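Only the coordinates and a few stated rules stand behind these numbers; no lab work does. These figures come from a predicted structure and were not determined experimentally. Note: ideal-geometry Cβ built from the backbone for every residue, glycine included; neighbour counts use all protein chains shown.
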Number of protein chains: 2
Amino acid sequence: MDIQDCPVTFTMSKIGGKWKPIILFMISNGINRFGILQRNIDGISKQMLTKQLREMETDGILNRVIYAEIPPRVEYFITELGFSLMPIIKSMKKWGEEHNDSPEGEG
Amino acid sequence: MDIQDCPVTFTMSKIGGKWKPIILFMISNGINRFGILQRNIDGISKQMLTKQLREMETDGILNRVIYAEIPPRVEYFITELGFSLMPIIKSMKKWGEEHNDSPEGEG
């Protein structure tokens, strides 16, 4: 099977990796400004958050809205395409809740 | 939120990355020997496939069964825990099928 044709791999190319699902989950819960996102996602660097947000913007999963205020305010919103991914992310959340019984702080 | 406590991140730690969902999907379809897996997953190296299989074995998602034949035959099976991940992987497959209309071969 050509990797390009595999639908599972295609989906992973959009939301794979360590950060995208959690970023989408946060934004879907109204945590949609850069600084608040960074504070709420432990261990993510400014550079990494920027990279992930840009990739999802390019992929049409997120919209970036700039408000003409001083200082300018930037907010991220999930697009219709992004919302179609939410059932996957919610099922990931559910699975994690059911199976993560490791002691707090364990890597 | 401490990243350790996030159920979405926990799930991604088990099946995140480029390869694990496609490997699990293949094995669930009876493609469960090393060589056949490698042939069916375009672009995966022997080293990478070994690494992914070992991690999933350690995480209790896969069982590795060695048959006492000459030469020894090794097959991988999805555990009960692994099966509980299949709905997530199936919803990834469905999403990919619905949204991957990019021309063949496009990266």
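Output, in nm with one decimal and in ascending order, the distances from the B:K46 label point to the matching label points of the other copies (7 Å from Cα along Cα-to-Cβ).
4.6
By counting other Cβ atoms within 10 Å of each Cβ, how are B:I31, B:I22 ranked from fewest to most?
Ranking B:I31, B:I22 by Cβ neighbours within 10 Å, fewest first, gives B:I31, B:I22.
For segment A:3-95, give the magnitude of the charge dipole about the Cα centre (Cβ charges: +1 Lys/Arg, -1 Asp/Glu; no others), in debye to the nearest 20.
340 debye
What is the mean number of Cβ atoms from other protein chains located within 10 Å of the Cβ atom of each residue in peptide B:30-37, rounded to a whole number?
What the average comes to for B:30-37 is 0.
Please compute the average number of Cβ atoms from other chains found within 10 Å of each residue's Cβ in peptide A:39-46.
Partner-chain Cβ atoms within 10 Å, mean over residues of A:39-46: 2.
How many partner chain Cβ atoms sit within 10 Å of a residue's Cβ in peptide B:80-90, on average, as a whole number?
If you average over the peptide's residues, the count of other-chain Cβ atoms is 3.
So who's got an amide H within less than 5 Å of the one on B:T79, skipping anything under 5 residues away but keeping other chains? H placed 1.01 Å off N, in plane.
Amide H to amide H, under 5 Å and 5 or more residues apart or across chains, B:T79 pairs with B:L62, B:N63.
Using Cα-Cα distances under 8 Å and only pairs 6 or more residues apart, what relative contact order does chain B have, in percent?
Value for chain B: 21 percent.
Mind checking which of B:M86, B:M48, B:M56 has the largest fluctuation in a GNM of chain B, springs on alpha carbons under 10 Å?
B:M48
In square nanometres, what is one fourth of the surface area of the convex hull spanned by the alpha carbons of segment A:3-95?
Approximately 6.7 nm², given one-decimal rounding.
Please report, for A:F34, the nm distances (one decimal) from its label point, 7 Å out from Cα along the beta-carbon direction, to the equivalent points in the remaining copies, shortest first.
Output for A:F34: 4.8 nm, nearest copy listed first.
Work out the length of the dipole vector of the protein assembly as shown about its Cα centre, built from +1 on the beta-carbon of each Lys and Arg and -1 on the beta-carbon of each Asp and Glu, and round it to the nearest 20 debye.
I would put it at about 300 debye.
Can you compute the FRET efficiency between A:I70 and A:S45 using 1/(1 + (r/R0)^6), with r the Cβ-Cβ distance and R0 = 22 Å? Round to the nearest 0.05.
With a Förster radius of 22 Å, E is 0.20.
Between copies, how close do the B:H99 label points come, placed 7 Å along Cα→Cβ, listed in nm from shortest?
Relative to the other copies, B:H99 has label-point distances of 2.2 nm.
Given 37 °C and 0.692 mPa s, how large is the Stokes-Einstein diffusion coefficient of the protein assembly as shown in µm²/s, with Rh as the Kirkwood radius over Cα pairs?
Diffusion coefficient, whole number: 177 µm²/s.
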